[in-house]
Each structure stands twice: as structure tokens, then as C-alpha cells.
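One structure is given below, encoded as C-alpha cells.
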Amino acid sequence: MSRYFENELIEQIKDANDIVSVVSEHVALKKRGKNYWGCCPFHNEKTPSFSVAPEKGFYYCFGCHASGNAIKFLMELEHLTFVEALERLANRANIPLPEAKLSPEQRARDERRKKLYEASDLAATFFHNCLTQTSIGKVGLDYLKKRGLTQETIETFKLGFAPDGWDKLYRAFHDRGIDDSILLELNLVRKNQKGQFYDFFRNRIMFPIMDGKGRVVAFGGRVMDDSTPKYLNSPESSIFEKGKLLFAFDKAYKSIREEKQAILVEGYMDVISAHNHGVTNVVASLGTAYTRDHGHILMRQAEEIVLAYDMDGAGRQAAARAIELLQNTDFKVRVLAMPDGKDPDDYVRNHGGQAFKELVAKAVKPLDYLLSESLIKHDTNDTEGKQAVMADVFPYIANIDSQTQRDDALKTLALPLWLDNSTIFRYFRDYVKKGQIELVDTASTPLPTQDLPKGDAEKLLSLAFTDGEVLQHMMSYLPLEDFEKIEYRGIIEKLFTLYKSEGRLDETAIQSVLSSQEYDIYSRLVVMSDDEYKVQVPALIRKIRLHSLREQYKAHSIMADQLKRAGDSTFISELHKCQEIQNLIREWSK
């Protein structure tokens, strides 16, 4: 259940925790000027680009653009919720937090969830002890050792063994007083028509499934022979949604963050074998194809996703679906076609972790993968085969959101089909027309400047964004149009509206009103702020205003000249505007 905290309390907790002190517990910082600098904990770098501004209570990385306050720092670094990070800082500063006011229903629901987590963790311990401490589990332990798993890996993943008895887990838990309804909801046990309880998992290697906080929420069970089903997985419950979790993410996220790369595989053993051989940025989806929720999990940690699925029919379908969902996202995507039809588990066990890393380095772009797969299926010596390849690849190309990249993709497709560019373009136009597909070209939309210079606008805004009085003073003299960069205007407008309604610029509120792109720009400006700029505010306002007026004068002068040459009498109104602007320039130049 979410808890609500007053903004005043949140600000009090932030103020009581010096951000340099908080960050220094995790990052070695050195003072340079007014700010502190260190190597960013959110991406792998050798040259420090991570800046902490103590006066602003803010951090910003000029490499990966991570930014925020002390609360967000802990949230991102330690994978905490907002409430958990706030509690951590409150305890650090000895500030008591108000108790959550719960209704009887909410209290009962929270208590139920607590029991579900406790029972799941206890089940993981039960299975693990069966594997490692009993003669019953020796068959499972021998199986894992034959697959090359070390004792350390078995402990890290808390692997277990479900005994072959009818109800060994049920009787053990029943004797401990654990309610039957808890075991049923977690699908650790089932109930037959006679009302008898029996264990859901029997005679299987057990894989605990953990959420991002390392809490056991479900299980996967694997047979050790050729019987079916090969895998048995926990159905979803109130604490487990398989489409929103990645297996081993709780163990892999630090490596993913350092590598800026996530390797996505299909099975539990694919993940565990990779980690066992030192490739620790590997995770797997849980019995489902890749989902957008998986992307949300990986978004903050990784820049690149490498798809390393099995090369059987199901694996190929999963790869195609993942490519579709990952297209036009912020991720760089590559696809690894496992050689000789092997899965990652087989390959890593036979060739080792370093060989697998080298294989990953050779992973190809999605278009190259799709084209290669299609060329294997179809004979391109005849027209029918060529058209079949185009039918396979055109949907991907049509979904590319850049005209330039789309054209390049079509040229790539033309080569193996022995078609000239004009022919492949004609086929593609016919495909688009027939399917009534609307093509997109985001490349025509100007992107915000990534590296902001310390120009007049940047100096002024770096102050205005942290001082409401400066913002109000600025808005009294400068219309939004005076700021050349459109992205600045949206931020200014939102912050000024916030300041007028709240009477102050509250960091928590600012984060809620700005988009992630706007917040990135805001963060960079705040970090570069310098109190020495305050004495320059009047001069900065004047310079920005004069620059804008002169640009307007130039534009209206050109328009007047063009209209006059065309014999259009409205050129006179343009000349009047020029005169008005010239008068304003004289006023502002005094």
C-alpha cells in the first residue's frame, strides 16, 4: 500500500541529509570548485563525470544523464521504492516518520501479503535444505554438479530440490502452523477431490523466483529426466506477476548497470550457467515472451539489450516478438543466433564464459538477423522467394521511425535479393499503400541539445530554476518567445505555474510536473548554477531581451522586403512592426 507524506516532511528529511555525505558512502568524491566530482555509480567510466552540488542538494552525471536528489540517488542505486529510500534517510537523520493510517481491510491485506512472502521464503529454505543437507536431495545435487554448477552458485541462487513424496512440504508447513489458504494461494500445494492436500512440486530441481528486492515470490521446477512437463512454474498470485519480473534481475542489475548491457535469455539454466561462468549481466523472462514491463525494469540500468534465445521454433518466435517491442525504444538492440542450435546453457558449459562473451560481441542488428533468418527459409533465385523475404522483412522496415534509416534498410535488403534500389523502393511503396501504413519520421523533429553551453539563457535559467524570486523577476520582463530553445519554454512555463500556485519551487513537485526529458535539462542547468550569476541577473535579462528583439527586427525586415518586391501592400504593416521593435531596442539599450 502506498503511503502519503507531506512535502514539508520530505523537504525536512532531504535538508537533514547532506547529499555529499549520502553519495560519499557509495562514491569517492573530490571537491572541484563549488561542486564535488567522482566516477558515476550508474555507468562504467574512468574519467569522473558525476557532479554533486551540495548547495542545491542535487547530483548530475554528464555521461549517462542520471540526476536527482538524495532520495532518488538511493532509489536508483539500491533499487528501493520512494518510501524505502525516504525511510532510510529519515532513520539516518533520526527523524521519525508518521505511522501509516490503515483501515482494517488494508491492515488485513498487508498482513496477508506479509504471510505470503514469509511462506515463500520458508519454502525456498525448505527446498534448499532438502538439496544440500539431506540424502533425499542427493540426486538433485549430483545432477547440478554434473552440469558444472559450483557450490557458490547453488547458494547464490538458493537452488533446491522438491522431494518425491506426496505431501512432504505440506506436512512440514502444516506442523509449523502455516495456514492452508496461504499454501494454496502460492500454489505450493493443491487439493484433490477428496479434500486431501498434496505438494504441487515433486521430484524436481527448484529455482526460487525473486522480485527486484530479493524476496522469493514464486518457483520454477525442472525434472532431471525426459519426463514431461520439463518445467513446472508457479501460477501467478497476489505477489507474483510473471510478465513484470525478470529471473535473476536482483542478482544481475549491478552488472547490467556497469556493463550498460543486459543479455536476455529464455531459461533458468541459461541464466544460472552464465552466472556460474562469470557472465553476470544475464536475465530471463519467466515463461513469457519479452514484455514492455521488462523494458521498464531494464530502462534505467541498460543501454543495450542482446537477445540470446534458443534457436528452436519457440525461441525464434520469442526473438521476433521481442524485436518488435524493442524497436524504436531507447535501447540499442542486437540479436545472437546461437550456433548449431545450442541454447546458452549448452554453449557456456561446453565453451566457457569468455567464449560466450565473444559470441555476444558478434551479435547482429535486428534487421540483419531477420534478413538472415528469412534467407535461410526461402529460395531467392525466383520471384516468389524474393517476395517471401520482402514479406518477412518489410513489417520491420515499415516500423522504423526514421526516413533515412528506412531507406538504408531497404538498400540493405536489396543486395541479397539482387534487386536495384529503385525496384526495392517500388515494392516497399506498394506494400505501404496496400496495408495503408502510416510511416513516421522522427528524425525531422529537432532533438533537445545534449550538452548545454553556459550561455546567457543557461546562466539565467540555472538561477531561476532554483530561486522562485529570480524566476518571477525574469518572467516580468521576458516573454517565453525570447528563449530560442523551445524545450526551455516548456520547463519555464511549468515551473512558473508551479511557483505561482505553491509560492515556492519544491523539488518533489518539480519532478512530478516535468517530463523525463525536461527533468534531464532542468538537472543539468541546476548543477551548473553559480551564485555569482545573481549579480548578473539584470544584465542577463537585458542581453536576452535585446538579442530576441534584434532577431525579430531582422525577420520582419526580410518579410517587408519580400512583400514589397511581390507588390503586396501588407509590407507597410511589417515596416510598422519594425519601427515598434526598433523603439523597444532603444528602450532596452539605455
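The values are calculated or read from the model by the stated rules, or taken from the named source; none is laboratory data. No experiment lies behind these values; they were computed from the predicted model shown. Here Cβ is always computed from backbone atoms with ideal geometry, including for glycine, and neighbour counts include all displayed protein chains.
Tabulated values for the structure
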{"read-out": "Criterion (closer than 19 Å to residue 278 by Cβ and either among the small types (Gly, Ala, Ser) or at pLDDT 85 or above (or both)) met by exactly one of 335, 306", "value": "306"}
{"read-out": "Single unsatisfied condition, residue 10 versus (1) among the β-branched types (Val, Ile, Thr); (2) within 25 Å of residue 518 (Cβ to Cβ); (3) in contact with a Gly (Cβ under 6 Å, 6 or more places away or on another chain)", "value": "(3)"}
{"read-out": "Of residues in segment 369-386 being part of a helix (DSSP H, G or I) and touching a residue at least 24 places away in the same chain (Cβ under 8 Å), the one farthest from the chain's Cα centre (by Cα)", "value": "386"}
{"read-out": "Residue 290 being aromatic (Phe, Trp, Tyr), surrounded by 15 or more Cβ atoms within 10 Å (Cβ to Cβ) and either over 22 Å from residue 231 (Cα atoms) or modelled with pLDDT of 90 or more (or both)", "value": "no"}
{"read-out": "Condition check for residue 135: under 26 Å from residue 157 (Cβ atoms) and in contact with a Phe, Trp or Tyr (Cβ under 9 Å, 6 or more places away or on another chain)", "value": "no"}
{"read-out": "Any hit, segment 340-357, residues being crowded, with 20+ Cβ neighbours inside 10 Å, of a type in the set (D, E, K, R) and under 22 Å from residue 428 (Cα atoms)", "value": "no"}
{"read-out": "Pairs where the first residue, in segment 125-143, is at pLDDT 95 or above and the second is basic (Lys, Arg), C-beta under 7 Å, 6+ apart", "value": "128/158"}
{"read-out": "Count of segment 148-168 residues which are farther than 20 Å from residue 214 by Cα, crowded, with 16+ Cβ neighbours inside 10 Å and touching a residue at least 60 places away in the same chain (Cβ under 8 Å)", "value": "1"}
{"read-out": "In segment 346-368, residue farthest from residue 269 (Cα to Cα) [restricted to those that are in contact with a Phe, Trp or Tyr (Cβ under 9 Å, 6 or more places away or on another chain) and in a helix (DSSP H, G or I)]", "value": "367"}
{"read-out": "Matching strands (runs of 3 or more DSSP E) fully within segment 11-116 where at least 2 residues are surrounded by fewer than 13 Cβ atoms within 10 Å (Cβ to Cβ)", "value": "30-32"}
{"read-out": "Single residue of 554, 577, 590, 564 found to be touching a Phe, Trp or Tyr at 6+ places or on another chain (Cβ under 6 Å) and free of Cβ contacts under 8 Å to residues at least 60 places away in the same chain", "value": "564"}
{"read-out": "Options 461, 498: the member that is in contact with an Asp or Glu (Cβ under 9 Å, 6 or more places away or on another chain) and either touching a residue at least 12 places away in the same chain (Cβ under 8 Å) or under 17 Å from residue 55 (Cβ atoms) (or both)", "value": "498"}
{"read-out": "Residue 182 more than 30 Å from residue 292 (Cβ to Cβ) and in contact with a Leu (Cβ under 7 Å, 6 or more places away or on another chain)", "value": "yes"}
{"read-out": "Any hit, segment 530-541, residues being within 22 Å of residue 10 (Cβ to Cβ), β-branched (Val, Ile, Thr) and either touching a residue at least 12 places away in the same chain (Cβ under 8 Å) or in contact with a Pro (Cβ under 6 Å, 6 or more places away or on another chain) (or both)", "value": "no"}
{"read-out": "Criterion (over 22 Å from residue 582 (Cβ atoms), buried (at least 18 other Cβ atoms within 10 Å of the Cβ) and of a type outside the set (Asp, Glu)) met by exactly one of 526, 535", "value": "526"}
{"read-out": "For residue 362: the one exception among (1) surrounded by fewer than 20 Cβ atoms within 10 Å (Cβ to Cβ); (2) at pLDDT below 95; (3) under 25 Å from the mean Cα position of the chain (by Cα)", "value": "(2)"}
{"read-out": "Condition met for residue 181 (outside the structural domain of residue 295 (by TED's automatic domain parsing), at pLDDT below 90 and not acidic (Asp, Glu))", "value": "no"}
{"read-out": "Residue 458 being touching a helix residue (DSSP H, G or I) at 6+ places or on another chain (Cβ under 7 Å), at pLDDT below 85 and farther than 30 Å from residue 403 by Cα", "value": "no"}
{"read-out": "Positions within segment 237-273 being of a type outside the set (Ser, Thr, Tyr), surrounded by fewer than 21 Cβ atoms within 10 Å (Cβ to Cβ) and over 22 Å from residue 320 (Cα atoms), in sequence order", "value": "239, 241, 250, 251, 254, 258, 259, 260"}
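Residues are listed down the side, and each one gets a yes or a no for (1) in contact with a Lys or Arg (Cβ under 9 Å, 6 or more places away or on another chain); (2) not assigned by TED's automatic domain parsing to the domain that holds residue 200:
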| residue | (1), (2) |
| --- | --- |
| 73 | no, yes |
| 79 | yes, yes |
| 97 | yes, yes |
| 120 | yes, no |
| 144 | no, no |
| 147 | yes, no |
| 158 | no, no |
